[in-house]
Amino acid sequence: MFLIDKKLQFAVESRVDTRRCVGYNAAGKNFPPTNAMEPIYEGKAKRLYTTDDPNVLRMEYKDSATAFNGVKKEDFENKGRMNKAITLIIYRMLEGKGVKTHLVEDLDDINLLVKKVSIMPLEVIVRNVAAGSFSKRMGVKEGTTFGKPIVEFSYKDDALNDPFINDDYAREMGAATEEECAYIKKMALLINDTLKEFFLEANLRLIDFKIEFGRLSTDPSQIVLADEITPDTCRLWDVETGKKMDKDRFRQGLGEFMESYAEVLSRLQK
Ligand SMILES: Nc1ncnc2c1ncn2[C@@H]1O[C@H](COP(=O)(O)OP(=O)(O)O)[C@@H](O)[C@H]1O
Ligand SMILES: [Mg+2]
């Protein structure tokens, strides 16, 4: 959602080199660099800004945490910085394994430059262990390990509460063709294998995660991994103790929320 009342605040607070950024007017046209920067999109966890390259966006990680579709909301110092750092480590690792992502480069403590994509309105969820909405919906005890990973789709629409859908819904809603769904599912499983191993090296068990894909603005036939991979979007449990190290600490009011993110980041940096 775009918050008008925050316009002035952004202009004052923005710490980014304005030479890299262009403005945005009501007609949606870019105009030359300006200090009065406004995001073209403000979401729950990040803001998007245009840059001097029409195919590249600046993605700013905010300090806010939200849960239950924005019903529970609070700011946490350094959250944006930590999530940006975690995403960067993971995206670089995935790129190294041949996964195409939107990552262009690291910009500063809270900003990444990313390729502009048209986000497919699908939340792609991979589950290794029962938790969260799966346990609730299916009545299966949290912690039950699946024989094989489950891939599921939600339709990305906050107003509809991101409803659970299948490939046929995705096709008929114009979200993705059958071939694209198959490709996305294949990529999601590959990302799962890679992430599972990567987190295990950090003594973290990957329970489940949500990812998003988008079509490159430069070539919409190319689908890449977009958005973030952080403890906001993954469930991670400590291998030894089973301690939750992700956003469930916020959802469930378990305390030590940012301490857990800091611990995840420091383990991934080793
Ligand atoms: N490379 C990209 N290009 C364009 N949009 C993107 C890209 N990566 C992620 N997005 C979108 O930007 C938004 C990021 O902000 P976020 O706070 O996560 O929003 P939301 O509240 O919608 O989840 C999301 O809607 C996401 O789909
Ligand atoms: Mg999001």
Kindly indicate the residue of segment 223-259 that is within 16 Å of ligand 2 (Cβ to nearest atom) and of a type in the set (S, T, N, Q) and also surrounded by the fewest Cβ atoms within 10 Å (Cβ to Cβ) among those meeting that condition.
Thr233
Just checking, how many residues over segment 111-132 are more than 29 Å from Lys244 (Cβ to Cβ) and more than 16 Å from ligand 1 (Cβ to nearest atom)?
0
Within segment 116-127, is there a residue that is free of Cβ contacts under 8 Å to residues at least 12 places away in the same chain and not polar (S, T, N, Q)?
no
Which fully enclosed helices (runs of 4 or more DSSP H) of segment 113-208 have 2 or more residues being among the aliphatic types (A, V, I, L, M)?
178-201
Scan segment 41-57 residue by residue and report those that are in contact (Cβ under 8 Å) with a residue 24 or more places away in the chain, surrounded by fewer than 17 Cβ atoms within 10 Å (Cβ to Cβ) and more than 9 Å from ligand 1 (Cβ to nearest atom).
Asp52, Pro54, Asn55
In this structure, is Glu197 more than 19 Å from Phe213 (Cα to Cα), among the charged types (D, E, K, R), in the same structural domain as Leu225 (by TED's automatic domain parsing) and modelled with pLDDT of 95 or more?
yes
Which condition does Phe257 not pass, out of (1) more than 16 Å from Asn78 (Cβ to Cβ); (2) in contact with a helix residue (DSSP H, G or I) (Cβ under 7 Å, 6 or more places away or on another chain), if it passes all the others?
(1)
Criterion first (part of a helix (DSSP H, G or I) and either outside the structural domain of Arg58 (by TED's automatic domain parsing) or among the aromatic types (Phe, Trp, Tyr) (or both)) does Glu240 satisfy it?
no
Looking at segment 221-230 only, could you name the residues that are assigned to a loop (DSSP other than H, G, I, E, B) and closer than 19 Å to Lys156 by Cα?
Asp227, Glu228, Ile229, Thr230
So, in segment 81-108, how many residues would count as being outside any helix (DSSP H, G or I) and touching a residue at least 40 places away in the same chain (Cβ under 8 Å)?
8
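The values are calculated or read from the model by the stated rules, or taken from the named source; none is laboratory data. If you're wondering where the values come from, they're calculated on a predicted model, not measured in any experiment. Backbone-built Cβ (ideal geometry, glycine too); neighbour counts: all protein chains shown.
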